[in-house]
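Asker: Before I ask anything, let me first share the structure, which is written out below as structure tokens.
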Amino acid sequence: RFAAARIDHHHASAAIADACGRMPLGFRAPEWSHTAGALEILAEEGFEFDSSVLSMWPRRHRRGPLLEIPVSPLLNGTSMRLLPVPLLRRIAGKLPPPAVVAIHPWEFDPDPPRGRLPLFRGFVHDLGLGRSEARLRELVC
């Protein structure tokens with residue numbers, strides 16, 4: 001059951017282990033979604049936590065053998081680039097610790113590869129690139 005997803009997870013985990021020297025402990029599904037059987041596969045692959053759920057007021061809880069660590073949609077790369085740091089701190093301070101920030105690697109690149117996006121989405125996508133690292137440092141330090 002779920003053989004293709006199991007193989008995909010296994011190959012992805014092995015690639016991360018090859019690159020980093022150790023197996024990943026956590027997982028986040030693309031687009032905040034899971035496929036059927038994903039949690040079972042993650043547990044079998046040795047993952048300890050999953051962070052594939054968005055929640056306005058995230059609370060950690062167990063989902064079978066995995067620890068589920070939800071992410072607030074208010075602490076992400078877009079808000080990191082667009083909102084003032086004092087407001088980000090206030091948001092993070094109202095969440096149960098630790099506040100999880102969901103940010104993509106490309107958001108640290110001042111000139112990432114760009115695809116074709118609708119005008120408004122492309123504008124928001126590009127706005128504030130180049131300041132993500134400084135803002136994240138200011139938020140957590």
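Asker: Which value, in Å² and to the nearest 10, is the accessible area of Trp32 when all protein chains are kept and the probe is 1.4 Å?
Answerer: Here the accessible area works out near 80 Å².
Asker: Against the longest principal axis of the chain, how steep is helix 3-20, in degrees 0 to 90 to the nearest 10, with axes from Cα atoms?
Answerer: The answer is roughly 60 degrees.
Asker: Please report the net charge: other residues with Cβ closer than 13 Å to the Cβ of Ser132, K and R +1, D and E -1.
Answerer: Summing Lys and Arg as +1 and Asp and Glu as -1 gives -2.
Asker: Cα centroid distance between the stretch 32-60 and the stretch 101-141, in Å?
Answerer: Cα centroid to Cα centroid, the span is 25 Å.
Asker: Taking H placed 1.01 Å from N in the peptide plane, check which residues at least 5 places from Leu67 or on another chain put their amide H under 5 Å from its amide H.
Answerer: Phe49, Asp50
Asker: Taking the Cα of Trp57, stepping 7 Å toward and past its beta carbon, and measuring to each backbone N in the stretch 78-98: which are under 17 Å?
Answerer: Within reach of a label on Trp57: 91-98.
Asker: Here is a follow-up. With every protein chain present, what accessible area does Leu25 have (1.4 Å probe, heavy atoms only), rounded to the nearest 10 Å²?
Answerer: We get 70 Å² for Leu25.
Asker: Express in Å², to the nearest 10, the accessible area of Thr78 obtained by rolling a 1.4 Å probe over the protein heavy atoms while all chains stay in place.
Answerer: 50
Asker: Give me the net charge for the shell around Gly115: Cβ to Cβ below 13 angstrom, other residues only, Lys and Arg +1, Asp and Glu -1.
Answerer: Numbers: positive: Arg114, Arg116, Arg121; negative: Asp126.
Local net charge: +2.
Asker: What percentage of the solvent-accessible surface of the stretch 35-141, computed with a 1.4 Å probe over protein heavy atoms, is contributed by carbon and sulfur atoms?
Answerer: Values: 4000 of 6520 Å².
Percent of accessible area from carbon and sulfur atoms in the stretch 35-141: 61.
Asker: Per residue, how large is the accessible surface of the chain? Use a 1.4 angstrom probe and give square angstrom.
Answerer: Roughly 64 Å² per residue, with all protein chains present.
Asker: Counting other Cβ atoms within 10 Å, keep those with at most 10, restrict to DSSP loop, and tell me which trypsin sites (Lys or Arg not before Pro) in the stretch 6-82 are left. Provide the component values of the computation, followed by the final result.
Answerer: Numbers: sites: Arg6, Arg22, Arg28, Arg59, Arg60, Arg62, Arg63, Arg81; in loops: Arg22, Arg28, Arg59, Arg60.
Taking the stretch 6-82 and a limit of 10 other Cβ atoms within 10 Å, the loop trypsin sites (Lys or Arg not before Pro) found are Arg22, Arg59.
Asker: Oh, and also: Over the chain, what is the percentage of antiparallel beta bridges among all DSSP beta bridges, to the nearest 5?
Answerer: In the chain, approximately 35 percent of DSSP beta bridges are antiparallel ones.
Asker: Another one. Just for the Cα atoms in the stretch 15-141, what are the lengths along the principal axes, largest first, rounded to whole Å?
Answerer: Taking max minus min along each principal axis of the Cα atoms, the stretch 15-141 gives 40, 34, 30 Å.
Asker: Quick one: if the Förster radius is 25 Å, what FRET efficiency do Leu25 and Glu133 give, using the C-beta to C-beta distance and rounding to 0.05?
Answerer: 0.60
Asker: Just to be sure I understand: with springs between alpha-carbon atoms less than 10 Å apart, which residue in Phe47, Phe120, Phe27 has the highest mean-square fluctuation in the Gaussian network model of the chain?
Answerer: Phe120
The values are calculated or read from the model by the stated rules, or taken from the named source; none is laboratory data. Nothing here was measured: the structure is a model prediction, and the numbers come from that model. All Cβ positions, glycine included, derive from the backbone under ideal geometry; neighbour counts span all protein chains shown. With ligands, DNA and RNA removed, areas are computed over all heavy atoms of the protein, side chains included. Shrake-Rupley method; radii C 1.70, N 1.55, O 1.52, S 1.80 Å.
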